[in-house]
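Below is one structure, written out as structure tokens, with a few remarks after it.
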Amino acid sequence: MPVQPREAYFNTSEGTVLTYERIETKTGKRWWSHTETVDSVIATPNGGAIVHMTVKMIPDKKKVPIKKPVSSSAVIRPDGTVEVNVAELAGETANQKFSAFNFKTTGGVSLLSPSLKAGDSLKDIHSKVTWKAFSYSINYIKRKVIREERITVPAGTFDCIVLEEWKVEKGPLSNDTHRNLNWYALGYGLIRHDTFYSDGVQTTEWLVSVKR
């Protein structure tokens with residue numbers, strides 16, 4: 001049997017559609033929205049599961065990073081730890097922007113344990129997008145759980161851990177360092193994501209609906 005909901009910081013319910021929207025926090029203007037559809041959940045012999053998803057972005061005030069739907073997957077280990085390659089989206093973004101090239105990604109594995117609590121630190125994530133001499137790095141550093149919090153978003157009220165991290169991007173696509181706050185709920189995954197950009201702009205991306 002696949003890992004049951006609420007055992008992992010991820011949605012493992014086949015057919016579920018999670019809809020998010022990103023807004024500029026100060027003005028309330030929506031930048032874009034996106035959906036994550038759980039296409040299939042395949043049980044693994046060791047008691048875990050592989051979750052296959054499709055991500056689709058819908059523009060509003062801002063251009064979206066990806067124009068075409070992207071397929072992605074996550075591994076749910078037997079103990080409920082979520083394993084995701086966060087470099088996949090960056091690689092797909094580069095391939096969609098520069099379709100003549102065939103970009104490759106390395107690294108970028110994120111591990112999220114269901115037993116995390118306030119004060120816990122997580123390993124840094126290091127990833128690269130490359131094509132010949134082209135190199136673009138995306139690193140997530142200083143990752144730690146800063147608190148546990150019950151929050152309300154348009155999709156409802158959730159008990160979450162709050163993960164703070166710094167995203168450092170270097171290369172032709174972007175050169176920036178900014179702070180992120182991420183709220184995760186068991187059985188659902190990401191509930192809210194706040195970004196504090198170096199130019200002073202702050203955005204909030206939150207879950208607006210869950211359809212099973």
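Computed from the coordinates by the stated procedures, all read-outs in this text should not be read as laboratory data. Remember, predicted model here, so these are calculated numbers, not experimental data. Neighbour counts are summed over all protein chains in view; Cβ atoms, including those assigned to glycine, are modelled from backbone coordinates with ideal geometry.
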_About the Cα centre, charge dipole magnitude for the stretch 1-143 (Lys/Arg +1, Asp/Glu -1 at Cβ), debye_ = 800
_Anchor Lys97: lysines whose Cα lies under 20 Å away (excluding residues fewer than 8 positions away in-chain)_ = Lys56, Lys61, Lys62, Lys63, Lys67, Lys68, Lys128, Lys132, Lys170
*Express the relative contact order of the chain as a whole percentage, based on alpha carbon pairs under 8 Å and six or more residues apart in sequence.*
20
*Along the charge dipole of the chain, which of Ala49, Trp166, Pro59 sits closest to the positive end, that is, farthest toward it, with unit charges on the beta carbon of Lys, Arg, Asp and Glu (+1, +1, -1, -1)?*
Pro59
*Using the 10 angstrom Cβ neighbour count as an exposure proxy, how do Asp120, Asp194 rank, fewest first?*
Asp120, Asp194
*asked:* Please report the spacing between the Cα centers of the stretch 82-129 and the stretch 3-78 in Å, no decimals.
replied: 14
_Residue among Leu186, Val82, Gly28 farthest towards the positive dipole end of the chain, charges placed on Cβ_ = Gly28
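From Cα pairs below 8 angstrom and at least 6 apart in sequence, can you work out the relative contact order of the stretch 117-182, rounded to a whole percent?
29
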*When Ser71, Ser137 are ordered from fewest to most other Cβ atoms inside 10 Å of their Cβ, what list results?*
Ser71, Ser137
*Put +1 on the Cβ of each Lys and Arg and -1 on the Cβ of each Asp and Glu in the chain; which of Ser198, Ser99, Phe10 then has its Cα farthest toward the positive end of the dipole?*
Ser99
_I want to check the label-to-label distance for Phe98 and Lys123. Put each point 7 Å from Cα in the C-beta direction and report it in nm to one decimal._
2.9
